[in-house]
1. Using r as the Cβ-Cβ distance of residue 313 and residue 367, and R0 as 35 Å, what FRET efficiency do you calculate, to the nearest 0.05?
2. Defining a contact as two alpha carbons under 8 Å apart and six or more residues distant in sequence, what relative contact order in percent does segment 247-359 show?
3. Test of understanding: what is the full-extension gain from residue 224 to residue 244, defined as 0.36 nm times their sequence separation minus their Cα-Cα distance?
4. Add +1 for every Lys or Arg and -1 for every Asp or Glu among the other residues with Cβ under 13 Å from the Cβ of residue 21, and state the total.
5. Which whole-Hz couplings ³J(HN,Hα) result when phi for each residue of segment 95-112 is put into the Karplus expression 6.51 cos²θ - 1.76 cosθ + 1.60, θ = phi - 60°, listed in order with x for Gly and Pro?
6. What is the Cα coordinate range of segment 192-294 on the first, second and third principal axes, sorted by size from largest, in whole angstrom?
7. Mind checking the per residue accessible area of the chain for me, 1.4 Å probe, whole number of Å²?
8. Local charge sum around residue 386 (other residues, Cβ-Cβ under 9 Å, Lys/Arg +1, Asp/Glu -1)?
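The values are calculated or read from the model by the stated rules, or taken from the named source; none is laboratory data. Treat the numbers as computed from the prediction; the structure is a model and nothing was measured. Neighbour counts run over all protein chains shown; Cβ positions are idealised from the backbone, glycine included. Heads up: the accessible areas ignore ligands, DNA and RNA and are worked out on the full protein's heavy atoms, side chains in. Shrake-Rupley method; radii C 1.70, N 1.55, O 1.52, S 1.80 Å.
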Amino acid sequence: MKEQIKIAIIGLGYVGLPLARLFATTYSVVGFDIDKDRIAALKKGIDTTLEIENELLKEVLVAENSTNKGLYCTSNRKDIEDCNHYIITVPTPVDKNNKPNLTPLIKSSETVGNVLKKGAIVIYESTVYPGATEEVCIPILERISGLSFNTDFFVGYSPERINPGDKDHTVEKILKVTSGSTPEIAHRVNELYASVITAGTHLAPSIKVAEAAKVIENSQRDINIAFVNELAKIFNLLDIDTKAVLEAAATKWNFLPFKPGLVGGHCIGVDPYYLAQKAQEVGYHPEIILAGRRMNDSMGHYVASEVIKLFIKKDKEIKNAKILVLGITFKENCPDVRNTKVVDVIQNLEEYGTTITVFDPWADPNEVKNEYNIVTLKNMPQEKFDGIVLAVSHKEFVEISFDKYLHKNGVIYDVKGILKCEVQGKL
Ligand SMILES: NC(=O)c1ccc[n+]([C@@H]2O[C@H](COP(=O)([O-])OP(=O)(O)OC[C@H]3O[C@@H](n4cnc5c(N)ncnc54)[C@H](O)[C@@H]3O)[C@@H](O)[C@H]2O)c1
């Protein structure tokens, strides 16, 4: 049966590409993305998200679209016409008012609706609120294709759980939740994933359950981090070392080891808004979920105000102070700058008249410039600063000898608490 399956993966980003590569080791896979630059780079075996090593990618790439196993990358909709499984891995961001922006999900459903044939299965992986697949996506597939849901075509939902930059928990090593629109389709979707995911699968009883499971995984993380961020604010006022408190508390078997920090990126800081939106639609105003969001969204401002306080304590002038910010990606050892909260730290510091220099060996300077209008350096600037803020714990930063880059009486603020040298402030 395996050789008859032909899979189209729609959206080759942080989630879609690792999945496409994995499936391509066993199946014929067409990777489709509207970003032509992304397709051109992938065709050369280059993954700019750094999730898949170039050699590993090249091993599965094929030059021809055929039914043989391998990955064929394309921006041409025609190339996905003869697929019988469609897996949608497009972004699900929020708009400037933190409302779910379903445009990529709607557009990609239209793309698939245009090529859908009888018997096909469409599986969504993008993180959504419970009900989105059935209420938003399926009606589009039906309308555009003219086919009937659960008669002519079928749907599944299998949320992605990958962690960008994490080379230990790669897609095949993470247990995958699966679901389908009928009991038989659910089993087929489950078997498809089970054939490549070595960690195994968990078949959820419905699409809504699978959607809800994913969105609460990230909401739970967000709320837990918000709690330790609140603790950091309290312990800083009490002049108690938060890290030491957390280490002591973590010696109890059921204490959860979360750390304070800036919560950015495409998932943890975004997904709770999807759940909140759905809750509000049905008349429930979420308290804890949104409180967690407010706390975590306030941390950039908090870090900046702590840095300013340190300057004042040291009788250092803030206006025109030169501050070096280390790291601008939303997390360590990864080039992803989406929704990074380091930008909040920078903007808040700039409001006090400081001059900010940003060094990040991972981020793409063009992307940062386009997205945030901030200049970033790829190499450590060879000059001295009045203050240094370690914002992201990239592995390269631990090795830096800060004395070389700091004026006498300078300030070091270590957001992530990773530095071994003397620091004046940390979360
Ligand atoms: N990045 C993560 O850590 C992560 C983890 C688990 C789940 N998710 C979820 O997975 C989904 C995808 O996230 P991502 O991080 O891979 O996003 P991404 O931005 O890295 O990649 C999405 C890709 O989809 C493409 N795309 C956008 N609209 C398209 C369309 N209409 N047709 C075809 N291609 C289109 C984009 O060009 C891009 O290459 C989101 O719902 C996200 O919440 C992400």
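1. 0.45
2. Answer for segment 247-359 is 30 percent.
3. 5.4 nm
4. Every neighbour counted, the sum reads -4.
5. Couplings: 8, 5, 9, 6, 9, x, 9, 8, 3, x, 5, 5, 5, 6, 5, 5, 4, 5 Hz.
6. Result, largest extent first: 53, 39, 24 Å.
7. So the chain comes to 46 Å² accessible per residue, rounded to a whole number.
8. Around residue 386, the surrounding residues sum to +2.
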